[in-house]
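Just so it is clear, none of the values below were taken in a lab; they were calculated from the coordinates. All of these numbers come straight from a predicted model, not from anything done at the bench. Here the Cβ positions follow ideal geometry from the backbone for every residue, glycine too, while neighbour counts run over all protein chains shown.
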Amino acid sequence: MTGFGVGHGTAADGDGLAKATFAGGCFWCTEAVYAELKGVKSVTSGYTAGQVPNPTYEQVCTGQTGHAEAIEIEYDPQVVSFEKLLEVFFATHDPTTLNRQGADVGTQYRSGVFYHDAEQKRIAEEVIARLDAARVFPGRIVTEVTEASRFYPAEDYHQDYFANNPFQPYCQAVAGPKVAKVRKVFKELVKEQP
């Protein structure tokens, strides 16, 4: 999935870092994937695109708040482009299933790109159109492309969950294989392993 031929999409702030917000199912898995990448300065698990202020994990799990489990990435666009972040995003979850990822079912597990500027929106729409045209997936991509709204960081125990709980059964079954895939398929993007 290389060579999309689109711009970088920076959404950069004053310190040269940019933000990207993605929802790709359980945030434990998505966070673990992006923590591996060069140029990623921080990844925060949280909730976005809902109607309830300051939601708790328990509230979001009901599927009644409208939020998606998401991650907010702070990255250096001089090191890793928004396009590359999207490549990893589409390679590490199923963007063709509406409101579910594997056994996780509900609107809180929907696939979404929450853009921070018009360039990110354009790139996301172009990438989706190209992936659909190339029939990379067996079905059409249902990932929502929506303007970023208030992002609420999840409770502390959700942060760095995979790194802190690598032997937890869900992490071994779901997050571990995604991290292994990124290390293999995107090895040029992966930080040096200690």
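Brief remarks follow.
- Cβ-derived FRET efficiency at R0 22 Å, VAL79 paired with VAL136, nearest 0.05: 0.30
- Helix-only [θ]222 nm of the chain, DSSP H runs n ≥ 4, -39500 (n - 2.57) each, per residue, nearest 500: -7500 deg cm²/dmol
- Where a label projected 7 Å from the Cα of ALA173 along Cα→Cβ would reach, residues of the range 98-115 with amide N under 12 Å: 102-104
- Efficiency of FRET from Cβ geometry, GLU147 and GLU192, R₀ 25 Å, rounded to 0.05: 0.10
- Built amide H within the under 5 Å cut-off of GLU144, gap 5+: SER111, GLY112, VAL113
- (1) 15.4; (2) 10.6; (3) 20.2, with the label sought being that of the calculated mean projected area of the Cα convex hull in nm²: (2)
- Annotation: extensible slack from GLU155 through GLN51 equals 35.6 nm (criterion: 0.36 nm per residue apart, minus Cα-Cα distance).
- Extending 7 Å from the Cα toward the beta-carbon at both GLU119 and GLN64 defines two label points whose distance is 4.2 nm.
- Among the GluC sites (Glu not before Pro) found in the range 120-159, those both in a DSSP coil and sparsely packed, with 16 or fewer other Cβ atoms within 10 Å of their Cβ, are GLU155.
- For the range 28-64, GluC sites (Glu not before Pro) meeting the loop criterion (DSSP other than H, G, I, E, B) and having at most 16 other Cβ atoms within 10 Å: none.
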